[in-house]
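Just below is one structure, and these are the notes that go with it.
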Amino acid sequence: MRILAFVLAFAASVAQGQDYPNKPIRMLVPFAPGGAVDTTARVLAQAMQQRVNWQFVVENRPGGNGFIATTAVAKSAPDGYTLLVAHTGEFAVNPALFPDVPYELERDFVAITMVSDAPMLYLATAKAPFNTFQELVAQAKAKPGSITYGSAGNGSINHLAGEWLAQAAGIELLHVPYKGGAPAAAAVAAGDVHFGVMAAPGAMPHIKSGRGKVIGITTAKKSPLDPSWATPRDAGIPDLDASIWVGLFAPKGTPQAIIDRLNREVRETLKLPDVQKRFIESAGGEAVGMTSAEFLARIKADAERYKRVVQKAGVKPG
């Protein structure tokens with residue numbers, strides 16, 4: 001009887017996967033329209049509609065450090081019709097910052113696949129007295145705590161990438177938090193801080209205006225937007241590798257056949273050259289598809305690294 005029950009359950013799961021989807025799929029985004037996560041969701045939704053004719057509805061539910069949208073998906077029906085599009089912050093940073101996160105990755109979700117991965121930039125004000133990682137480190141060592149950097153707020157991934165730089169290079173920097181990425185980028189352009197940590201889309205207007213200059217990027221891998229930008233490893237700082245990835249998640253209990261179909265179709269869509277180009281142009285990152293197991297392993301590794309940065313720096317959420 002147990003074997004028969006297993007066979008029937010397996011057959012039902014396969015049937016669900018073959019029939020899926022037969023109505024629009026909601027994708028919840030924990031941020032307001034226009035940011036990196038929202039842009040990724042909309043590029044993916046449009047590309048999937050064009051390739052396989054699936055219908056998506058992108059729903060923005062910002063606020064609560066990402067808790068609102070993330071918790072809503074965790075509590076939704078595990079039928080493949082409510083998905084979460086989240087980034088590094090929700091699953092690799094929040095657990096290190098907050099003592100009572102109202103969700104757990106492996107308890108409440110299935111990590112379907114990574115969708116995109118992008119470096120952040122260390123953007124200096126045009127008049128900053130340094131132009132490279134090496135010059136920044138030398139000045140910081142000569143006058144500890146004299147170099148200021150801005151971020152999107154205490155505990156933001158931008159803040160942690162600044163702290164990670166300080167720890168990896170053995171220097172002391174003065175953090176200045178702002179209420180969001182746009183104010184932080186404006187502060188760099190105005191010269192209120194020496195440099196800031198930000199996503200490429202927020203930095204590009206200030207680079208083009210000449211009010212900002214790129215010192216380098218936050219990842220070990222070169223930027224597809226501009227391969228000339230220095231990586232930390234180029235400057236002899238090998239332990240720094242902080243990116244903003246965006247991924248797709250389903251509630252725990254979603255039939256495996258549906259998870260497998262989502263993974264397969266999303267990954268095939270991300271291979272398309274025009275889709276890859278859109279991700280580079282819109283978010284300065286790469287379209288990245290991987291297996292569910294590979295994505296879960298990446299999230300867990302990132303969570304451990306950010307936990308060490310948070311603990312060493314004594315970072316508290318804003």
For segment 290-309 the number of residues that are over 15 Å from Val110 (Cα atoms) and either open to solvent by 30 Å² or more (accessible area, probe 1.4 Å) or not aliphatic (A, V, I, L, M) (or both) is 7
Please go through segment 194-239 and give me each residue that is open to solvent by 50 Å² or more (accessible area, probe 1.4 Å), in contact with a strand residue (DSSP E or B) (Cβ under 8 Å, 6 or more places away or on another chain) and closer than 23 Å to Pro273 by Cα, ordered by number.
Lys221
Restricting segment 180-227 to residues that are among the small types (Gly, Ala, Ser) and within 19 Å of Ala166 (Cα to Cα), the residue that is modelled with the lowest pLDDT
Ala199
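Does Trp164 fit the bill of being within 21 Å of the chain's Cα centre (by Cα), within 22 Å of Pro95 (Cβ to Cβ), modelled with pLDDT of 95 or more and open to solvent by less than 40 Å² (accessible area, probe 1.4 Å)? Outline the logic, then answer.
On the way: within 21 Å of the chain's Cα centre (by Cα): yes; within 22 Å of Pro95 (Cβ to Cβ): yes; modelled with pLDDT of 95 or more: yes; open to solvent by less than 40 Å² (accessible area, probe 1.4 Å): yes.
Answer is yes for this residue.
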Could you say whether any residue in segment 233-251 is outside any strand (DSSP E or B) and among the aromatic types (Phe, Trp, Tyr)?
no
Please work out which residue is surrounded by the fewest Cβ atoms within 10 Å (Cβ to Cβ), limiting yourself to segment 22-40 and to residues that are touching a residue at least 60 places away in the same chain (Cβ under 8 Å) and either touching a Pro at 6+ places or on another chain (Cβ under 6 Å) or part of a helix (DSSP H, G or I) (or both).
Thr39
Only one of Ala118, Ala142, Ala182 is of a type in the set (A, V, I, L, M) and open to solvent by less than 30 Å² (accessible area, probe 1.4 Å), namely Ala118
Pairs, first closer than 22 Å to Ala242 by Cα and charged (D, E, K, R) in segment 204-219, second assigned to a loop (DSSP other than H, G, I, E, B) and modelled with pLDDT under 95, C-beta under 9 Å, six or more apart
none
Looking only at segment 219-236, count how many residues are more than 18 Å from Ala140 (Cα to Cα) and in contact with a helix residue (DSSP H, G or I) (Cβ under 7 Å, 6 or more places away or on another chain).
4
Going through segment 67-100 one residue at a time, which ones are in a helix (DSSP H, G or I) and among the acidic types (Asp, Glu)?
Glu90
Consider segment 275-308. How many of its residues are in a helix (DSSP H, G or I), β-branched (Val, Ile, Thr) and either farther than 24 Å from Gly216 by Cβ or touching a Cys at 6+ places or on another chain (Cβ under 8 Å) (or both)?
2
Of all residues making up segment 65-85, the number that are open to solvent by 40 Å² or more (accessible area, probe 1.4 Å) and touching a Ser or Thr at 6+ places or on another chain (Cβ under 8 Å)
2
Considering only residues that are within 19 Å of the chain's Cα centre (by Cα) and open to solvent by 60 Å² or more (accessible area, probe 1.4 Å), which ones fall in segment 240-281?
Arg267, Gln276, Lys277, Glu281
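Go through segment 183-219 and report how many residues are in a strand (DSSP E or B) and either of a type in the set (D, E, K, R) or closer than 21 Å to Gly155 by Cβ (or both).
Residues meeting the conditions: 6.
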Quick check: anything in segment 74-84 touching a Pro at 6+ places or on another chain (Cβ under 9 Å), modelled with pLDDT of 95 or more, more than 30 Å from Glu163 (Cβ to Cβ) and of a type in the set (Lys, Arg)?
yes
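The values are calculated or read from the model by the stated rules, or taken from the named source; none is laboratory data. Computed from a prediction, not measured in an experiment: that's the story for all the values here. Every residue, glycine as well, gets a Cβ built from its backbone with ideal geometry; the counts of neighbours run over all protein chains shown. Remember, those area values only see protein heavy atoms, side chains included, never the ligands or the DNA or RNA. Shrake-Rupley method; radii C 1.70, N 1.55, O 1.52, S 1.80 Å.
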